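The values are calculated or read from the model by the stated rules, or taken from the named source; none is laboratory data. Bear in mind the structure is a predicted one, so any value in this text is a computation, not a measurement. As a convention, Cβ positions derive from the backbone with ideal geometry for all residues, glycine included, and neighbour counts pool all protein chains shown. Just the protein is used for accessible areas: all its heavy atoms, side chains included, with ligands, DNA and RNA removed. Shrake-Rupley method; radii C 1.70, N 1.55, O 1.52, S 1.80 Å.
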Amino acid sequence: MTYKNILQIDDDIDDCEFFMEALHAVSSAGYTAIQNPVEALNKLILNEIRPDVIFLDLNMPIMSGFEFLTEIKKQDGIKNIPIIIFSTSQMEEIKRKARNYGASGYISKPSDFNELKKILANYIG
């Protein structure tokens, strides 16, 4: 699937910049980063942002990625937006839990820029 409007929810600004640079190297898709998942959820509910796909970190203060997944799946207008987990965890149990919570995919954050570009090129289309 080709995505034109991408939202990343991640409290780590450096991870967001790394992601954005890799994304722009392989795609012309629009990109928005929000560090606070509660703010992101509110903007989604109010239709202030309308992404085609969400890349979501799991380990965040205020609201975890799993809590975000739980809340977004309760919202009729936005519950079908694909959500791809973008996390440092590589544990199969966490990946399985993410699928059970409704995630469409799971990416373990690579530290290599070229690896991230390759991964994003496969996901973004």
Accessible-area value, Arg50, 1.4 Å probe, nucleic acids and ligands omitted, Å²: 100
Cα centre as origin, Lys/Arg/Asp/Glu Cβ charges: the chain dipole, Debye: 620
Gain upon complete extension [Asn100, Val38; 0.36 nm per residue less C-alpha separation]: 20.2 nm
In range of the label at Ala121: residues from the range 8-27 whose backbone nitrogen is under 16 Å from the point 7 Å along Cα→Cβ: 21-27
Subset of Lys74/Lys117; Lys4/Lys117; Lys74/Lys118; Lys95/Lys117; Lys43/Lys79 violating a 25 Å alpha-carbon distance limit: Lys74/Lys117; Lys74/Lys118
Distance (nanometres) between label positions extended 7 Å along Cα→Cβ at Met91 and Ile62: 2.5
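Per residue, what accessible area does the chain have, given a 1.4 Å probe and all protein chains present, in Å²?
Details: 6550 Å² over 125 residues.
That works out to 52 Å² per residue.
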Anisotropy class of the range 31-85 from Cα gyration tensor, a/c 1.5 cut: rounded
Area of Leu44 that stays accessible when all protein chains are in place (1.4 Å probe, Å², to 10): 0
Apportionment of accessible area to carbon and sulfur, the range 20-125, percent (1.4 Å): 46
Most positive-pole-ward Cα, Val38, Val53, Ser111, against dipole of the chain from beta carbon charges: Val53
Label point distance in nm, Asn80-Leu46, each placed 7 Å from Cα along Cα→Cβ: 2.5
